[in-house]
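J.: Please see the structure below; I have some questions.
The values are calculated or read from the model by the stated rules, or taken from the named source; none is laboratory data. Keep in mind that what you see is a predicted model, and the values were worked out from it rather than measured. We place every Cβ from the backbone using ideal geometry, glycine too, and count neighbours over all the protein chains shown.
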């Protein structure tokens, strides 16, 4: 396990270096002065520009400029937002927990709906229920997320009035943000209305989380179906059948656990797809997350925010990949013998 951990650590360091290199390159690809694109300090005086140029070592070659940029990133200095002239790291720390909360809830919904349906389709292989589940999964995967979000607002919010259409929580509740994860902050607060606030926050997250979860859920259906079919065709399943175990015992005692292990390795990949869908969904539902902030930064041509936001989101997704690899290696010792990172 130590060698496996060192390999993943090396992979993480190398990937982060590549991400920072791409982020650093954007400052030269964007229009304008590269040092202003890195620092975000507009309308600076000559003395301030001289200090910034010296800080980012713009008088040296590009290699030393890159090392200076890395030093700023390690220190947590992502520059100033060109639109608000506030530190980018402060805005990211406020907005990123909202995206994490939405993505995790959507991932749970996708897994707890897609995986059981995939197992049912595999157990009923080539039967009517299998064909129905696959058809619904294909249809759900084909629906554009922006159209689905608008349709959900039109039907569940405007038509039926069941769920709110925008925001994280009603303005009636004043909850102090400590961790940024709203459900945790509500439970830790001393507000007398915290249970009403918890219900209101739950109502606000259901609609956007379900919209985000639809496409990953359909992928989990196909992954779970293929994994269960593969497990049911193995030799040890035929052996337990020969011993006289019932079909329910075979599924719940042997096939289910082995099929789940095969699915875990794909969770990290689907999480990246899920975060991408969440960026569009945050705009539709006015969810105050980093995806909506990034899209607004693109419209405002806030180059500093674009660089830092993409870097932080990529780092977050890759950390989820690493954690998924560790969970898979803990459940399947054979995976620790791979010579290369996934």
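J.: Can you find even one residue in the range 244-265 that is part of a loop (DSSP other than H, G, I, E, B) and buried (at least 18 other Cβ atoms within 10 Å of the Cβ)? Lay out the reasoning, then the answer.
T.: Step one: filter the range 244-265 for residues part of a loop (DSSP other than H, G, I, E, B), giving 244-246, 265.
After this cut, where a residue has to be buried (at least 18 other Cβ atoms within 10 Å of the Cβ) as well, the list is 265.
So far as the range 244-265 goes, yes, one or more of its residues are part of a loop (DSSP other than H, G, I, E, B) and buried (at least 18 other Cβ atoms within 10 Å of the Cβ).
J.: Here's something else I'd like to know. So which of 245, 207, 223 is at pLDDT 80 or above, over 18 Å from residue 120 (Cα atoms) and assigned by TED's automatic domain parsing to the domain that holds residue 138?
T.: Selected residue: 207, the only one of 245, 207, 223 that is at pLDDT 80 or above, over 18 Å from residue 120 (Cα atoms) and assigned by TED's automatic domain parsing to the domain that holds residue 138.
J.: Please work out which one of (1) surrounded by 14 or more Cβ atoms within 10 Å (Cβ to Cβ); (2) touching a helix residue (DSSP H, G or I) at 6+ places or on another chain (Cβ under 7 Å) is the condition residue 162 fails and give its number.
T.: Going through the list (1) surrounded by 14 or more Cβ atoms within 10 Å (Cβ to Cβ); (2) touching a helix residue (DSSP H, G or I) at 6+ places or on another chain (Cβ under 7 Å), residue 162 breaks only (1).
J.: Go through (1) closer than 14 Å to residue 287 by Cβ; (2) over 20 Å from the mean Cα position of the chain (by Cα) for residue 171 and report which single condition fails.
T.: (1)
Residues are listed down the side, and each one gets a yes or a no for (1) without any contact (Cβ under 8 Å) to a residue 60 or more places away in the chain; (2) farther than 30 Å from residue 52 by Cα:
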residue: 63; (1), (2): yes, no
residue: 76; (1), (2): yes, no
residue: 80; (1), (2): no, no
residue: 94; (1), (2): no, no
residue: 106; (1), (2): no, yes
residue: 119; (1), (2): no, yes
residue: 142; (1), (2): yes, yes
residue: 150; (1), (2): no, yes
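J.: In this structure, does residue 15 turn out to be outside the structural domain of residue 305 (by TED's automatic domain parsing) and under 22 Å from residue 321 (Cβ atoms)? Steps first, please.
T.: Details: outside the structural domain of residue 305 (by TED's automatic domain parsing): yes; under 22 Å from residue 321 (Cβ atoms): yes.
It is true that residue 15 is outside the structural domain of residue 305 (by TED's automatic domain parsing) and under 22 Å from residue 321 (Cβ atoms).
J.: For residue 9, work out the one condition from (1) in contact (Cβ under 8 Å) with a residue 12 or more places away in the chain; (2) within 19 Å of residue 314 (Cα to Cα); (3) surrounded by fewer than 17 Cβ atoms within 10 Å (Cβ to Cβ) it doesn't fulfil.
T.: For residue 9, the exception is condition (1).
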